[in-house]
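J.: Take a look at this one; I'll ask things after.
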Amino acid sequence: MKVTMKDIAKKLNISINAVSIALNEKPGVSDAMRLEILKTADEMGYINEKHHYLSVFSKTNICILMQSYYANTGHFYSIVLRSIVGQARNKGYSSILNYFEDDDFEFPDCILERKVAGILVVGKISDTNLNKLKKTGICVVLVDFTSLGDTCDCVLTHNKQGGYLITNHVLDKGYKNVGFFGDLDYSLSFSERFMGYKHALTNRHVTSRVDDYIKKYSILHDTEKYVLDNRIDKIVELLKNKELPDVFICANDSNAFALLNALNSMNIKVPDDIGITGFDDTPLCNKTMPKLTTVQVQKELMGQIAVNKLIDRIHRIDDVQMTQLLSTKIIERDSLKK
């Protein structure tokens with residue numbers, strides 16, 4: 001049997017007139033009630049039966065896309081996602097979260113059925129899949145990622161600035177040999193943070209042979225798989241094959257936590273024997289022993305600005321696409337010597 005407005009009204013215990021007002025985008029019901037009616041109508045199959053309502057429904061939804069493996073990589077993206085959902089709700093939109101595999105990409109139903117006003121991609125996506133999304137004609141904004149091969153609105157942390165600031169910070173504290181710990185092949189963010197680190201070493205004239213210095217004290221490849229799998233034994237092996245620096249600048253907090261555990265298992269004390277810094281300022285920074293000095297990233301603000309930028313793009317579809325960088329700052333705790 002076909003679903004009717006009467007069925008929707010009965011399920012929500014409201015009048016048929018309220019359902020009609022919401023579905024036809026007329027004034028007379030609150031934004032919250034309109035969203036509830038639209039959701040219920042969609043769940044009951046009414047929207048698909050009445051195709052002329054799709055344009056109405058599509059004005060109330062934002063699709064969030066994120067690679068599935070990010071779901072298990074710590075608190076960073078959970079904070080960004082919470083901020084996106086909250087800001088979207090404040091602006092009168094519902095959020096639909098879909099995970100995807102970058103090497104086996106499939107459009108979620110909400111995009112195929114044109115039930116979204118815009119798309120936020122959180123984290124990395126290949127240029128091939130980004131191009132597929134853009135060809136749908138639905139507005140796309142990238143969050144914490146940018147494409148070098150395709151133009152798109154982006155909201156990013158100023159990663160190079162953060163790497164530069166934290167490296168200068170440890171040099172100002174008197175550390176001489178400064179290494180970088182993080183897999184440069186894992187993400188563009190890591191590479192940008194490394195470039196800030198390298199730029200600071202060059203500007204401070206730490207050595208005339210910067211590349212040799214970095215190679216001596218840094219671990220730049222084949223680390224992220226061990227961090228994600230918590231293979232502390234493998235990180236210990238990497239450390240045993242290096243001349244340890246006085247301090248490690250880590251690509252993110254998760255790398256710093258793993259490195260801290262590895263050093264503890266080797267009976268190397270932080271910060272007495274070696275210093276460590278992180279990047280992101282996730283909640284766990286206050287729970288490690290010692291508490292982690294890190295670079296603060298504006299996670300909540302990133303989500304809010306991403307939503308605002310997407311809504312602006314929806315209404316100004318022909319404006320020049322832009323990249324917005326959010327500044328960083330150092331949060332001093334206990335993992336460096338005073």
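Taken together, the values in this text are just the output of simple stated rules run on the coordinates, not laboratory data. Owing to the predicted nature of the structure, the values given are computational and were not obtained by experimental measurement. In this analysis, Cβ positions are derived from the backbone assuming ideal geometry, glycine residues included, and neighbour counts consider all displayed protein chains.
J.: Summing +1 for each Lys or Arg and -1 for each Asp or Glu, what net charge is found among the other residues whose Cβ lies under 9 Å from the Cβ of Asp280?
T.: Residues near Asp280 contribute -1 overall.
J.: Could I ask something else about it? Given a cut-off of 18 Å, what percent of all Cα-Cα pairs of segment 1-48 lie beyond it? Write down the numbers at each step before the final one.
T.: Working: 174 of 1128 pairs.
That fraction is 15 percent.
J.: Separate question: What's the extension gain from His221 to Arg316 if we count 0.36 nm per residue and subtract their Cα-Cα distance?
T.: Between His221 and Arg316, full extension yields 30.0 nm more.
J.: Normalise the Cα radius of gyration of segment 159-297 by 2.2 N^0.38 Å (N = residues in it) and let me know the number.
T.: Relative to the rule-of-thumb radius for its length, segment 159-297 sits at 0.94.
J.: Cβ under 14 Å from Lys299's Cβ, Lys299 left aside: what net charge do those residues give with Lys, Arg +1 and Asp, Glu -1? Kindly include the intermediate steps, with their values, before the conclusion.
T.: Numbers: positive: Arg82, Lys329; negative: Asp144, Asp253, Asp280, Asp281, Glu300.
Value of the local net charge: -3.
J.: Among DSSP bridges having both ends in the chain, what percentage is antiparallel? Round to the nearest 5.
T.: In the chain, DSSP labels about 10 percent of beta bridges as antiparallel.
J.: Taking only C-alpha pairs under 8 Å that are 6+ residues apart, what is the relative contact order of the chain in percent? The partial results should precede the final answer.
T.: On the way: 600 pairs, mean separation 58.6, N = 338.
Reported relative contact order: 17 percent.
J.: Taking amide H atoms as placed 1.01 Å from N in the peptide plane, list the residues 5 or more away in sequence, or in a different chain, whose amide H sits under 5 Å from that of Ile96.
T.: It is Ile62, Cys63, Ile64, by chain and number.
J.: What is the packing order of peptides 154-162, 247-255, 169-177, 312-320, taking the mean over residues of other C-beta atoms within 10 Å and listing the highest first?
T.: The peptides rank, most packed first, as 247-255, 154-162, 169-177, 312-320.
J.: How would you rank 61-67, 327-333, highest first, on the average number of other Cβ atoms within 10 Å across their residues?
T.: 61-67, 327-333
J.: Taking every eigenvalue of the Cα gyration tensor of segment 258-304, multiplying by 5 and rooting it, what semi-axes result, largest first, whole Å?
T.: 26, 9, 8
J.: Before anything else, pin down the relative contact order of segment 146-213: Cα pairs under 8 Å, at least 6 apart, normalised by residue count, whole percent.
T.: 37 percent
J.: Another question, if that's okay. In a shell of Cβ-Cβ distance under 12 Å around Met66, excluding Met66 itself, what net charge do Lys and Arg (+1) and Asp and Glu (-1) give? All intermediate terms of the calculation are to be shown ahead of the outcome.
T.: Details: positive: Lys124; negative: Glu101, Asp102, Asp144.
Combined, the nearby Lys, Arg, Asp and Glu give -2.
J.: To continue, here is another question. If you plug each phi of segment 308-325 into the Karplus form 6.51 cos²θ - 1.76 cosθ + 1.60 with θ = phi - 60°, what whole-Hz ³J(HN,Hα) values come out, in order, with x for Gly and Pro?
T.: Calculated HN-Hα couplings, in order: 4, 5, 5, 4, 5, 5, 4, 8, 10, 5, 9, 5, 4, 6, 9, 10, 10, 9 Hz.
J.: Sorted by packing (mean other beta-carbon atoms within 10 Å per residue), highest first, where do 212-219, 99-106 land? Numbers along the way, then the final one.
T.: On the way: 212-219: 16.6, 99-106: 12.1.
The densest-packed peptide leads the list: 212-219, 99-106.
J.: Below 8 Å, C-alpha to C-alpha, sequence gap of six or more: please give me the relative contact order for segment 183-278 in percent.
T.: Rounded, it is 27 percent for segment 183-278.
J.: Could you pull out every residue, at least 5 positions away or on a different chain, whose amide H is within less than 5 Å of the one on Gln324? Hs are placed 1.01 Å off N in the peptide plane, and Pro or chain starts have none.
T.: Amide H neighbours of Gln324, under 5 Å, 5+ apart: Cys154, Val155, Leu156.
J.: Suppose each label sits 7 Å from its Cα in the direction of the beta carbon; what would the Lys135-Asn17 distance come out to in nanometres?
T.: 4.9 nm
J.: In 10 Å bins starting at 0, how do the alpha-carbon pair distances of the chain split up by percent?
T.: Each 10 Å bin holds this share of Cα pairs: 5, 23, 27, 19, 13, 8, 4, 1.
J.: Compute the length gained on full extension between Leu148 and Ser78: take 0.36 nm times their separation in residues and subtract their Cα-Cα distance, giving the result in nm to one decimal.
T.: Details: separation 70, 0.36 × 70 = 25.20 nm, distance 2.56 nm.
Working it through step by step, the gained length comes to 22.6 nm.
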